[in-house]
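**Student:** After the structure tokens below, expect a handful of questions from me.
The values are calculated or read from the model by the stated rules, or taken from the named source; none is laboratory data. Small disclaimer: the values here were computed from a predicted structure and weren't measured. Positions of Cβ are generated from backbone atoms using ideal geometry, with glycine treated the same way; all protein chains shown enter the neighbour counts. To get the accessible areas, we keep the full protein, side chains included, count just its heavy atoms, and leave off ligands, DNA and RNA. Shrake-Rupley method; radii C 1.70, N 1.55, O 1.52, S 1.80 Å.
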Amino acid sequence: MVAPAPPLLPVFRSRLQGDLLAVLLVVPGTELTLTALAARTGGSLAAVQREASRLEEAGILRSRRVGNARLVSADPASPATAPLTELVTLSFGPVQVLAEEFADLDDVDLLEVFGSWAARYRGERGAPPADVDVLVVGTPDRDAVHDAATRAEERIGLPVNATVVAPRRWETGGDGFVTRVRGSARVPVPRR
């Protein structure tokens, strides 16, 4: 069965391809095993291996062997790397960028993307996202949240709107905002 092109940027073969490129291109110098890439993208090891091989044949990725492990990274010498990184960052990169920019925040219980970007990522058709909405559940320093959102916005190229919700408010879910977000498409942002 052939997966449909992802609504975020339908020029990519699949969401897996977009996620794989985002993991490897958005943060320069990233080098991961196929197993780690499968875990980060949610793809099967076989599918990740096939996609990585296709992208390596195209000169976008490169790999090297260390023992039995195949380590994969972006090929910085490829003339396609810089422009592709811009496209991938805009379309599939927000999760990677947010994970990096929000990594040092303390007192964050949950970090997720919601709104139109999350809906397109989850396969819902619609207008291209005009911004990236971030849910921050916890009690972090609000200035630090604002600074992280500003840095992410500069890298992604879209406005990043971070909303901090207290843990108790999220758990009870009694107000309209929490109810709406809980019922909408959401994409978790990995935390270290």
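**Student:** Tell me which helices (runs of 4 or more DSSP H) are completely within the stretch 1-116 and hold 1 or more residues being of a type in the set (A, V, I, L, M), free of Cβ contacts under 8 Å to residues at least 24 places away in the same chain and surrounded by fewer than 19 Cβ atoms within 10 Å (Cβ to Cβ), or say none if there are none.
**Tutor:** Details: elements: 15-25, 34-41, 45-57, 81-91, 94-101.
Where helices (runs of 4 or more DSSP H) fall fully within the stretch 1-116 and carry at least 1 residues being of a type in the set (A, V, I, L, M), free of Cβ contacts under 8 Å to residues at least 24 places away in the same chain and surrounded by fewer than 19 Cβ atoms within 10 Å (Cβ to Cβ), they are 34-41, 45-57, 81-91.
**Student:** Separate question: Inspect all residues belonging to the stretch 148-159 and state whether any of them is in a loop (DSSP other than H, G, I, E, B) and under 18 Å from residue 25 (Cβ atoms). Reasoning before the result, please.
**Tutor:** Looking only at the stretch 148-159, we keep the residues that are in a loop (DSSP other than H, G, I, E, B), and these are 157-159.
If we keep only those that are under 18 Å from residue 25 (Cβ atoms) too, we end up with 157-158.
The answer is yes, given that some residue of the stretch 148-159 is in a loop (DSSP other than H, G, I, E, B) and under 18 Å from residue 25 (Cβ atoms).
**Student:** Continuing with this model, one more query. State all residues of the stretch 147-158 that are more than 12 Å from residue 98 (Cβ to Cβ) and either touching a residue at least 60 places away in the same chain (Cβ under 8 Å) or loosely packed, with under 12 Cβ neighbours inside 10 Å (or both); if no residue qualifies, say none.
**Tutor:** Residues satisfying the conditions are 154, 157.
**Student:** Would you check which residues across the stretch 117-146 are exposed (fewer than 13 other Cβ atoms within 10 Å of the Cβ) and either within 18 Å of the chain's Cα centre (by Cα) or closer than 28 Å to residue 16 by Cβ (or both) and list them?
**Tutor:** Those that are exposed (fewer than 13 other Cβ atoms within 10 Å of the Cβ) and either within 18 Å of the chain's Cα centre (by Cα) or closer than 28 Å to residue 16 by Cβ (or both): 124, 125, 126, 127, 130.
**Student:** Limited to the stretch 168-192, what total is found for residues that are open to solvent by 50 Å² or more (accessible area, probe 1.4 Å) and closer than 10 Å to residue 112 by Cβ?
**Tutor:** Here the count works out to 2.
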